[in-house]
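Read the structure below first, then the notes.
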Amino acid sequence: MQNAGDSHPAVALPKRDTKRSLMHAFGWGLFLALLGLSWEGAEMNPGVLVSDASNMLKFASDFFPLDFHEWDFYLAEMVITLQIAVWGTVLSIVAAIPFGILSSENIVPWWVYQPVRRLMDAARAINEMVFAMLFVVVVGLGPFAGVLALFVHTTGILAKLFSEAVEAIEPGPVEGIRSTGASAIHEVIFGVIPQVLPHWISFSLYRFESNVRSATVIGLVGAGGIGVVLWESIRAFSFPQAGAIMVIIILSVTLIDLLSQWLRKRVI
Amino acid sequence: MDTVISINNLSKHFKGKPALNDVSLTISRGETVALIGASGSGKSTLLRHIAGLLTTDKSGQEAGGCDLPVCCVSVLGQTIQEGGQLAKKVRQHRARVGFIFQQFNLVNRMSVLNNVVLGALARVPGWRGALNWFPKSEQLVAMRALQRVGMDSFANQRASTLSGGQQQRVAIARALVQGAEVLLADEPVASLDPESSRRVLGTLTKVSKQDQKTVVISLHQVEYARQYCTRVIALKKGRIVFDGPTANLTPTLLNELYGSESLNVHGLTLDASEPNTIKSSNEMTSVI
Ligand SMILES: Nc1ncnc2c1ncn2[C@@H]1O[C@H](COP(=O)(O)OP(=O)(O)O)[C@@H](O)[C@H]1O
Ligand SMILES: [Mg+2]
């Protein structure tokens with residue numbers, strides 16, 4: 001119904017931005033094209049899931065009944081895995097503090113943060129499994145190779161996360177310290193770190209969770225812990241034992257995740 | 001009288017936009033100066049240059065091609081910066097200049113006492129400062145400073161749990177521990193209620209009078225300038241348009257500074273019954 005006596009001026013919807021709609025459509029087209037092209041490369045073949053279903057059922061049944069006879073040995077190896085994760089994470093936190101600050105563009109000039117960031121990129125780009133294989137060659141088979149692998153890779157990740165937190169700080173408190181005549185180090189200690197500490201703790205706990213998961217697999221290349229035992233039982237086709245080991249891994253990882261999530265909630 | 005702050009030909013552009021335009025001034029020991037001007041007139045920028053928290057334009061060229069003399073800022077006889085370059089020992093010089101910020105800029109997670117003792121960072125050995133391990137004598141200095149600003153009973157409380165006015169008094173105590181002979185305060189009461197504002201300004205002017213400190217306070221409210229300061233420097237669009245005794249501030253000038261509408265909006269009205277103190281007009285450097 002037209003309201004003749006309406007004193008309000010007429011309103012109209014804003015014109016549709018054709019350029020933006022086109023960009024939108026183009027973006028989706030690009031994404032679908034990417035999916036299609038990758039189908040070939042990834043040799044996608046969902047059919048086998050159906051045709052070989054009976055094979056898989058047979059394979060799955062080989063795991064049962066699970067064989068927990070050597071549970072105390074598995075548990076001991078699981079503890080070693082956790083210990084690898086603890087040391088790998090702690091060392092990486094210690095290293096990520098200076099590297100993180102040196103990759104923050106609000107703290108250091110570009111000729112410092114650029115090279116440091118590239119170094120951290122490299123540490124992050126190479127998977128911990130690859131580092132594990134390399135360190136096994138250098139320091140021999142065993143957990144220490146695993147610790148070093150986690151250390152290097154996690155340093156790359158934490159340094160990036162740490163520096164992102166540093167780049168988001170309020171400049172005010174830093175200037176507050178600067179105005180007292182303090183040195184640059186003091187500015188970082190009293191101006192920057194108190195602001196980022198809760199985030200840093202949360203990131204570190206989160207990486208500890210991931211490192212527990214990673215530590216269970218780096219054993220596959222001989223870098224110690226429960227992964228070694230798992231790999232050996234799979235190679236020996238002892239599937240009931242492999243199944244038991246996986247159950248222990250799942251339980252431990254879940255437990256650690258819950259614990260660490262609970263802690264993370266408290267610091268933020 | 002000996003000169004404490006001296007600024008020569010200070011010009012500052014932010015990405016080509018002028019913020020300060022050929023500002024020169026001197027301030028003597030023991031003066032209490034109010035820096036007034038509308039928002040964006042360059043008050044903060046001027047104060048931050050004095051503290052060596054900002055650097056001036058490099059040369060006159062940035063100011064439009066003409067060869068202006070080199071910008072130079074010195075405090076207590078020490079050059080803070082010259083030609084856009086901070087002095088090598090600027091950190092040592094900063095210790096003698098206390099800065100009070102509008103947003104207090106304390107370390108929120110630390111106790112009041114710990115915040116105040118940080119004023120001693122520049123004189124304790126670096127490693128002690130880094131470990132936050134200050135000698136007992138310095139902690140006592142900090143307690144005394146807290147006592148002077150009336151905050152000693154809050155020494156163990158976290159800074160973030162204090163009200164704005166209380167945080168600002170803690171910031172003043174930190175500057176006292178610094179032993180700063182010059183106090184610069186950038187709109188120290190802009191985010192405080194009137195009662196806290198008076199308390200903070202009262203504390204600031206009282207301790208500086210007792211210690212013969214030189215104080216420059218940028219203020220939004222002209223009333224406070226009249227109440228607490230003896231000299232006023234007014235900025236408009238990055239230029240000094242008035243510099244003289246507070247008593248010489250006239251409604252005409254304030255109108256000029258803030259515009260008549262905003263004068264009312266900000267509650268900056270001068271009492272109409274106030275005697276119009278236009279004494280020597282030569283103290284007003286080009287009001288237009
Ligand atoms: N860091 C900065 N970057 C760009 N422009 C700035 C910066 N600081 C101040 N300015 C500009 O300089 C002028 C003066 O600002 P400021 O000194 O903060 O004024 P006041 O403190 O008097 O309100 C304003 O136009 C402001 O936008
Ligand atoms: Mg300001």
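The values are calculated or read from the model by the stated rules, or taken from the named source; none is laboratory data. All of these numbers come straight from a predicted model, not from anything done at the bench. Please note: Cβ atoms are built from the backbone with ideal geometry, for glycine as well, and neighbour counts cover all protein chains shown. For the accessible areas, the whole protein counts, side chains as well, though only heavy atoms, and no ligand, DNA or RNA atoms are used. Shrake-Rupley method; radii C 1.70, N 1.55, O 1.52, S 1.80 Å.
Residue-by-condition table, conditions (1) part of a loop (DSSP other than H, G, I, E, B); (2) out of contact with any Ser or Thr (no Cβ under 8 Å at 6 or more places or on another chain); (3) open to solvent by less than 60 Å² (accessible area, probe 1.4 Å):
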{"site": "A:A10", "(1), (2), (3)": "yes, yes, no"}
{"site": "A:S21", "(1), (2), (3)": "no, yes, yes"}
{"site": "A:L30", "(1), (2), (3)": "no, yes, no"}
{"site": "A:V50", "(1), (2), (3)": "no, yes, no"}
{"site": "A:A60", "(1), (2), (3)": "no, yes, yes"}
{"site": "A:L82", "(1), (2), (3)": "no, no, yes"}
{"site": "A:S92", "(1), (2), (3)": "no, no, yes"}
{"site": "A:F99", "(1), (2), (3)": "no, no, no"}
{"site": "A:V108", "(1), (2), (3)": "yes, yes, yes"}
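Considering only residues of the range B:130-148 that are surrounded by fewer than 24 Cβ atoms within 10 Å (Cβ to Cβ) and within 27 Å of the chain's Cα centre (by Cα), which is farthest from the other protein chains (Cβ to nearest Cβ)?
So the residue we want is B:Q147.
Kindly evaluate B:A145 against the criterion of being within 23 Å of B:V75 (Cβ to Cβ) and assigned to a loop (DSSP other than H, G, I, E, B). Step through it out loud before you land on a result.
Numbers: within 23 Å of B:V75 (Cβ to Cβ): yes; assigned to a loop (DSSP other than H, G, I, E, B): no.
Criteria not met by B:A145.
Is it the case that B:A142 is out of contact with any helix residue (DSSP H, G or I) (no Cβ under 7 Å at 6 or more places or on another chain), aliphatic (A, V, I, L, M) and under 17 Å from B:N115 (Cβ atoms)?
no
Residue check: is A:G225 free of Cβ contacts under 8 Å to residues at least 40 places away in the same chain and on the phi > 0 side of the Ramachandran plot?
no
Show me the helices (runs of 4 or more DSSP H) found entirely inside the range B:160-265 where at least 1 residues are in contact with a Phe, Trp or Tyr (Cβ under 6 Å, 6 or more places away or on another chain) and more than 16 Å from ligand 2 (Cβ to nearest atom).
By residue number, B:164-178, B:194-210, B:251-258.
Kindly provide the set of residues from the range A:146-187 that are within 14 Å of chain B (Cβ to nearest Cβ) and in contact (Cβ under 8 Å) with a residue 40 or more places away in the chain, ordered by number. Steps first, please.
Quick first cut of the range A:146-187, residues within 14 Å of chain B (Cβ to nearest Cβ) only: A:169-187.
Matches in the range A:146-187: A:I169, A:P171.
Mind checking which residues of the range B:171-192 are within 16 Å of ligand 1 (Cβ to nearest atom), open to solvent by less than 10 Å² (accessible area, probe 1.4 Å) and under 20 Å from B:A159 (Cα atoms)?
B:A185, B:P188, B:V189
From the list A:G191, A:G219, which one is within 14 Å of chain B (Cβ to nearest Cβ) and either outside any loop (DSSP other than H, G, I, E, B) or surrounded by fewer than 19 Cβ atoms within 10 Å (Cβ to Cβ) (or both)?
Working: A:G219 fails: within 14 Å of chain B (Cβ to nearest Cβ).
Answer to the check: A:G191.
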